[in-house]
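Computed from the coordinates by the stated procedures, all read-outs in this text should not be read as laboratory data. From a predicted model like this one, the values you see are computed outputs, not experimental measurements. Ideal geometry is used to build each Cβ from the backbone, glycine not excepted, and the neighbour counts take in all protein chains shown.
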Amino acid sequence: SFPPSSLTPPSPPMPSMDPQNEVLLYEKLPKDVDARYVLLMDPVLGSGDTVCRAIQVLLDRGVKEDRILFLCLIASPQGVDRVCSNYPHLKVIVSAVDNGVNSVGEVVPGIGEFADRYFCD
């Protein structure tokens, strides 16, 4: 589990969703994805709901957990803990861990809406 910082105030509990019940909007994977190493990327890891659903899709398609590498720019301690607890053989690379999440699951202080920054909207 990811150790909480002693300088960080406790975050409010995040609503926990079942990744199996998350709606899958789009999936396009190579036919031989089960024989590959997979780099799974998401800019911000908050509650972990989205990445857990994506990981589950890969596992359901036959990708071995130890062949999935999750990369993100900013994460909450709760999200890192959730992903690592649920998928102990998966590798996680994070460039920065922020203080936590707010009551709606957004990383704080965070970077705002990543897509707006990335696409300059």
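Approximating the spin labels as points 7 Å out from Cα along Cα→Cβ, the Arg36-to-Leu73 distance works out to 2.4 nm.
For the listed peptides 93-102, 26-35, a ranking on the average number of other beta carbons within 10 Å per residue, highest first, reads 93-102, 26-35.
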